[in-house]
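The values are calculated or read from the model by the stated rules, or taken from the named source; none is laboratory data. The shown structure was predicted, so the numbers you read here are calculated from the model rather than taken from an experiment. When we count neighbours, we look across all protein chains shown, and the Cβ atoms used for this are built from the backbone with ideal geometry, even at glycine.
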Amino acid sequence: MSALSSALPDFPWDLLEPAKKLAAAHPGGIVDLSIGTPVDSVPQSVRQALADASDAPGYPLTAGTPQLRAAIAGWLARECRASGDLGVLPTIGSKELVAWLPTLLGVRPGDVVVIPSVCYPTYEVGVRLTGAEVIRSDSLTAIGPDPRVKLIWINSPSNPTGRVLPVEHLRKVVDWARERGVTVVSDECYLSLGWETTPVSVLDDRVTGGDYTGVLAVHSLSKRSNLAGYRAGFLGGDPALVNELLTVRKHAGMIVPAPVQAAMVAALTDETHVEQQRERYAARREILRSALVKAGFEISHSEAGLYLWATRGEDCWTTVDRLAQRGILAAPGAFYGPAAAQHVRIAMTATDERVAAAADRLSEPF
């Protein structure tokens, strides 16, 4: 039996351990801005819903409860401006879905999956698990007339760059894919966190006109509702594709626990806590952005999401080490693709105290 792991790259965060040890040795302690892990409390209404549903001795529904399916559909209609007949499905967080989606959709060796040139590493991992070929490209013309292309990932707002794709670009991708029978999957986990522009969903009527054929959108409650520990995600789009995914996931036992499903309903039907969390991140973003610019960094894109995409015009690992010497841990751009070799990703997911500490340390001459 061959080891499947041999087809996968090194786990990125393991490579960051030396810098993490250096940063942890700082007299003031580490300021970990490398991973977008929420640090603020789970909303009380969500915690109460989880507790109220905790007596759940039976098996939950893979498709989600009727209440959850209605909450997802309602949220997609309101927040994504989707007016058509959507298929919806809860998932065990979004990373699980990203990693297994190509497999669940039948991508096989000999097929091609297109991912952004700079992107979340799990897109590539998911393709490698199928044995298919990965093409990194942000240009449809660069892909060419390749009949092997079966799936194309887009990500807006982008992780790590914070770039937001306009309506015209999204429509062009969907039209291109439909002409070729290619499935479009849009990772929109940061949709609620626009700063300098308003992100647009691929499900928006301005993109699809209410026709979701061949289109799926992936969402998460980890960032907008601080539910990373709950593993609560969902997708919406083409009912035929969603039904296919549901059928396979039922066989595979990919089921969101019943108490988490109840918590998701509470989170999806309340936007007040999302606005409160946005305000926290907006304040932290301004402090970090100002400090980075004063320290000689250039901020690229970063118009949405939970990260600042920063560069000093040097190798990303050199920048990581410079920051680690100041007790600040950042993610090297190399994690996200060869085109990102001179950038670092700075997360805004730290407490106010740790963000202030990072700003103070960035004032030291580089």
- Just a yes or no: is a residue in the stretch 167-179 buried (at least 21 other Cβ atoms within 10 Å of the Cβ) and either touching a Gly at 6+ places or on another chain (Cβ under 7 Å) or touching a residue at least 60 places away in the same chain (Cβ under 8 Å) (or both)? yes
Check: Quick check, is residue 258 closer than 30 Å to residue 343 by Cα, over 21 Å from the mean Cα position of the chain (by Cα) and among the small types (Gly, Ala, Ser)?
Finding: no
Within the stretch 327-340, residues out of contact with any Gly (no Cβ under 9 Å at 6 or more places or on another chain) and under 13 Å from residue 26 (Cβ atoms) come out as 328, 329
**Prompt:** Does the stretch 236-254 include one or more residues that are surrounded by 15 or more Cβ atoms within 10 Å (Cβ to Cβ), within 20 Å of the chain's Cα centre (by Cα) and part of a strand (DSSP E or B)?
**Reply:** yes
Note on residue 37: of the conditions (1) surrounded by 14 or more Cβ atoms within 10 Å (Cβ to Cβ); (2) part of a helix (DSSP H, G or I), unmet is (2)
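For every residue, the table says whether it meets (1) in contact (Cβ under 8 Å) with a residue 24 or more places away in the chain; (2) surrounded by fewer than 18 Cβ atoms within 10 Å (Cβ to Cβ).
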site	(1), (2)
44	no, yes
47	yes, yes
53	yes, no
62	yes, no
76	yes, no
92	yes, no
Scanning the stretch 307-366 residue by residue, the ones that are of a type outside the set (Val, Ile, Thr), part of a helix (DSSP H, G or I) and over 28 Å from residue 189 (Cβ atoms) total 5
Among 326, 284, 312, the single one that is within 30 Å of residue 264 (Cβ to Cβ), outside the structural domain of residue 157 (by TED's automatic domain parsing), touching a residue at least 24 places away in the same chain (Cβ under 8 Å) and basic (Lys, Arg) is 284
I'd like to know if the stretch 44-62 contains one or more residues that are under 21 Å from residue 240 (Cβ atoms) and at pLDDT 95 or above. yes
query = Is it the case that the stretch 260-280 has a residue that's of a type outside the set (D, E, K, R), within 19 Å of residue 75 (Cβ to Cβ) and without any contact (Cβ under 8 Å) to a residue 60 or more places away in the chain?
reply = yes
The condition of being of a type in the set (Val, Ile, Thr) and either in contact with a Gly (Cβ under 6 Å, 6 or more places away or on another chain) or not assigned by TED's automatic domain parsing to the domain that holds residue 14 (or both) holds, among 349, 318, only for 349
Across (1) touching a Phe, Trp or Tyr at 6+ places or on another chain (Cβ under 6 Å); (2) surrounded by 22 or more Cβ atoms within 10 Å (Cβ to Cβ), residue 316 clears everything bar (1)
Of all helices (runs of 4 or more DSSP H) fully inside the stretch 42-109, the set with 3 or more residues that are within 22 Å of the chain's Cα centre (by Cα) is 66-79, 95-104
Within the stretch 103-139, residues farther than 20 Å from residue 335 by Cβ and surrounded by 16 or more Cβ atoms within 10 Å (Cβ to Cβ) come out as 103, 104, 105, 107, 111, 112, 130, 132, 133
